[in-house]
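Scroll down for the structure; my scribbles are underneath it.
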Amino acid sequence: MPTLSLTNFNIVVSVLGGWISLFGLVSYLLKENFYLSEALISLLAGLSFSPHAANFVRPLEYAGSEENLNAITLYFTRLVLGVQLVLAGVQLPSRYLKEEWKPLALLLGPIMTAMWIVTSLLIWALVPNLPFLHALVIGACVTPTDPVLSNVIVKGRFADHNVPKDLQKIIIAESGANDGLGYPFLFFALYLIKYIGDGGVSESGGAGLAIGLWFGETWGYTIILSVVYGAVLGWIAKELLHFCEEHKFVDRESFLVFAFSLALFITGTCGMIGSDDILACFIAGNVFTWDDWFRLQTLDDSLQPTIDMLLNVTIFMWYGAMCPWHSFVSNGVMPIYRLIPLGILILLFRRLPFILAFYKKIPQIDGLRQAIFMGFFGPIGCSAIFYLYVTLEFITTLNPNQDTPRWDVAHLEEEVLVLVWFMVICSVVVHGLSIPLGKFGFYLPRTISRTLSSPEDLISFQMNGRVIPRSRSRDETAVNTPTESRSVSARPIYRIGGTIITEQALPTRRPAVGLSNTSEIVVGPREDVEASPRSLEKDSELLDNMVSPTPPGRIIRFPDETLPGGKESRESKKDAAES
């Protein structure tokens with residue numbers, strides 16, 4: 001007898017496939033018409049399916065323990081970031097990192113450092129009883145801008161119409177590079193916590209050893225080695241693909257998927273040697289398309305955006321399902337009414353003031369408006385979650401021989417979890433809704449104005465692509481004027497060439513002026529145009545009764561009219577002779 005098999009695998013696959021299918025049916029409407037980000041929509045969907053709501057997706061039950069759940073989230077985030085950053089490097093033009101090194105150095109050096117310090121100071125000032133080193137750790141987690149959430153302003157209809165191409169490229173390059181450069185900020189604070197956090201009781205060596213490890217392991221082994229490793233692998237992959245494509249060894253499908261396989265290989269091998277796989281992926285992607293060959297070959301291909309969309313939807317559904325939502329309300333760090341102002345202040349002062357201060361030195365930012373736009377859109381997303389779980393993994397190495405953690409880091413895990421997750425949720429919601437709310441606020445006054453306007457305030461006519469509105473004062477005067485006087489004061493509008501002439505008060509009857517072949521007569525009052533289908537006959541009758549504002553025998557000409565055969569110059573000479 002058939003029975004239902006409600007296993008976790010069947011439920012997860014059904015929910016994931018059903019949601020992606022439903023989202024795909026209205027994806028264009030949501031993303032291109034309402035400008036909603038797929039990250040925000042998927043996050044809300046994950047929350048709806050999580051144990052906090054429908055209980056279809058149960059991440060803790062799948063993982064078996066909290067440690068396994070943290071490891072799964074870390075590895076899943078690494079995978080998504082690796083693929084995203086290879087694609088980000090491939091999207092940049094040829095030799096972009098070399099040609100634009102000055103603005104990138106400014107963004108990744110002084111500006112990123114200032115972002116870290118200011119964010120840490122805000123957290124230290126607003127979170128009660130928080131050590132400053134712990135604030136530096138949390139600030140380092142949320143300092144990098146996220147390449148996944150940045151897609152809302154560098155891809156799609158909004159970006160094509162509102163964001164210049166040069167600004168899109170510098171945002172992609174910055175978000176790709178600073179994700180991997182979060183390691184120095186994070187491990188500067190973690191090494192200090194390890195060696196001087198408890199006064200040097202558990203670890204000997206002090207601050208000198210901590211700084212030495214920071215320079216040697218973090219900068220030398222993690223950062224510099226990852227840059228060299230990514231550049232070498234990207235160049236080798238480029239040359240191999242060139243050779244195989246020239247000799248017809250590779251088919252089209254394998255050619256298109258090559259960037260994804262490269263991202264997986266770099267992520268795995270860098271993880272094995274303990275280097276910075278995120279930065280290596282970005283460098284490899286940019287070197288891989290150093291000559292612009294692969295980027296141009298795949299410019300019109302839809303495989304990369306498709307896999308990009310699948311990864312984004314899946315990872316943010318996972319975040320929505322496993323996010324510790326209850327900890328925002330019930331925690332030992334700070335209450336929710338203080339978390340919300342902290343999130344707002346970090347989004348306002350983490351990045352915007354420094355972009356405004358240095359935007360004149362960044363040639364891709366053209367003016368104050370673009371500086372505000374770029375300063376505001378520095379989203380916090382997958383990279384913050386990645387550094388969050390790197391921090392939790394590092395905390396487990398402190399005092400490993402005892403069941404209880406060291407006294408100085410006893411609350412660090414909860415502090416990092418609550419604050420970083422809350423910053424990510426704030427950024428996803430605020431940056432996901434800012435564009436649709438901005439569009440709504442821009443069009444709402446116009447809509448209200450048109451709704452409250454009377455029918456007489458509508459457009460009276462449209463001529464040659466230009467809309468000529470009717471004057472309210474004249475319409476109100478016409479309503480209160482008798483019919484006889486109203487017919488006398490009704491003044492037609494002439495169109496001669498490309499210019500509009502409104503007739504002034506003139507005598508009652510004079511011979512009609514001769515007009516050029518390109519001239520047209522357009523009747524002004526809207527009701528005269530729409531009242532009868534025989535409007536052309538009325539126009540001809542009105543033309544006979546119209547009065548010319550110029551002496552007989554003159555032809556009215558304007559700069560946008562050119563008479564054939566040099567007639568214009570002869571007429572001008574004749575007019576000059578007569579005058």
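The values are calculated or read from the model by the stated rules, or taken from the named source; none is laboratory data. Source: prediction; values computed, not measured. Every residue, glycine among them, receives a Cβ derived from its backbone with ideal geometry; neighbour counts consider all protein chains shown. Note: accessible area is taken over every heavy atom of the protein model, side chains too, but ligands, DNA and RNA are not part of it. Shrake-Rupley method; radii C 1.70, N 1.55, O 1.52, S 1.80 Å.
Descriptive notes on the structure:
- Tabulated pairs, the range 276-290, first under 17 Å from residue 261 (Cβ atoms), second of a type in the set (D, E, K, R), C-beta under 6 angstrom, 6+ apart or interchain: 288/238; 289/295
- For the range 325-353, a tally of residues being over 28 Å from residue 53 (Cα atoms) and open to solvent by less than 70 Å² (accessible area, probe 1.4 Å) returns 7.
- The set of residues from the range 221-230 being over 24 Å from residue 307 (Cα atoms), open to solvent by less than 70 Å² (accessible area, probe 1.4 Å) and not aromatic (Phe, Trp, Tyr) comprises 222, 223, 225, 226, 227.
Each row is one residue, and each column tells you yes or no for (1) touching a His at 6+ places or on another chain (Cβ under 9 Å); (2) among the β-branched types (Val, Ile, Thr); (3) in contact (Cβ under 8 Å) with a residue 24 or more places away in the chain.
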residue: 136; (1), (2), (3): no, no, yes
residue: 149; (1), (2), (3): yes, no, yes
residue: 157; (1), (2), (3): no, no, yes
residue: 161; (1), (2), (3): no, no, no
residue: 167; (1), (2), (3): no, no, yes
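- The one condition in (1) crowded, with 18+ Cβ neighbours inside 10 Å; (2) under 22 Å from residue 100 (Cβ atoms); (3) aromatic (Phe, Trp, Tyr) that residue 258 fails to fulfil: (2)
- Scanning the range 373-397 for residues that are open to solvent by 10 Å² or more (accessible area, probe 1.4 Å) and of a type in the set (S, T, N, Q) yields 396, 397.
- Lone unmet requirement of (1) farther than 17 Å from residue 279 by Cα; (2) surrounded by 23 or more Cβ atoms within 10 Å (Cβ to Cβ); (3) at pLDDT below 90 for residue 147: (1)
- For residue 270, the conditions (1) at pLDDT 95 or above; (2) open to solvent by less than 80 Å² (accessible area, probe 1.4 Å) are fulfilled apart from (1).
- Scanning the range 296-336 for residues that are in contact with a Ser or Thr (Cβ under 8 Å, 6 or more places away or on another chain), modelled with pLDDT of 90 or more and closer than 30 Å to residue 239 by Cβ turns up nothing.
- Among the residues making up the range 154-203, those that are under 24 Å from residue 100 (Cα atoms) and among the aliphatic types (A, V, I, L, M) are 154, 159, 163, 167, 170, 171, 172, 173, 177, 181.
Here is a yes/no grid of residues against (1) over 23 Å from the mean Cα position of the chain (by Cα); (2) farther than 22 Å from residue 128 by Cβ; (3) of a type in the set (Ser, Thr, Tyr):
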{"site": "310", "(1), (2), (3)": "no, yes, no"}
{"site": "314", "(1), (2), (3)": "no, yes, yes"}
{"site": "326", "(1), (2), (3)": "yes, no, no"}
{"site": "333", "(1), (2), (3)": "yes, no, no"}
{"site": "339", "(1), (2), (3)": "yes, no, no"}
{"site": "345", "(1), (2), (3)": "no, no, no"}
{"site": "352", "(1), (2), (3)": "no, yes, no"}
{"site": "355", "(1), (2), (3)": "no, yes, no"}
{"site": "361", "(1), (2), (3)": "no, yes, no"}
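- The condition (being on the phi > 0 side of the Ramachandran plot and either out of contact with any Phe, Trp or Tyr (no Cβ under 9 Å at 6 or more places or on another chain) or polar (S, T, N, Q) (or both)) is satisfied by just one residue among 109, 64, 24, 17: 64.
- Residue in the range 344-366 that is acidic (Asp, Glu), touching a residue at least 60 places away in the same chain (Cβ under 8 Å) and in a helix (DSSP H, G or I) present: no
- The listed residues are 98, 31, and the only one of them that is in a helix (DSSP H, G or I), under 26 Å from the mean Cα position of the chain (by Cα) and surrounded by 18 or more Cβ atoms within 10 Å (Cβ to Cβ) turns out to be 31.
- Of residues in the range 1-28 being in a helix (DSSP H, G or I) and among the aliphatic types (A, V, I, L, M), the one farthest from residue 312 (Cα to Cα): 11
- Consider the range 192-212 and keep the residues that are touching a residue at least 24 places away in the same chain (Cβ under 8 Å) and over 39 Å from the mean Cα position of the chain (by Cα). The one that is most open to solvent (accessible area, probe 1.4 Å) is 202.
- Cβ-Cβ contacts under 7 Å between residues 6 or more apart (or on different chains), taken from a first residue in the range 412-429 that is farther than 11 Å from residue 381 by Cβ to a second residue that is open to solvent by 20 Å² or more (accessible area, probe 1.4 Å) and not in a helix (DSSP H, G or I), are listed as 414/331; 414/332; 417/324; 418/331; 421/324.
- Odd one out for residue 246 among (1) under 20 Å from residue 291 (Cβ atoms); (2) surrounded by 14 or more Cβ atoms within 10 Å (Cβ to Cβ): (2)
- Test: residue 78 is surrounded by fewer than 19 Cβ atoms within 10 Å (Cβ to Cβ), touching a residue at least 40 places away in the same chain (Cβ under 8 Å) and among the charged types (D, E, K, R): no
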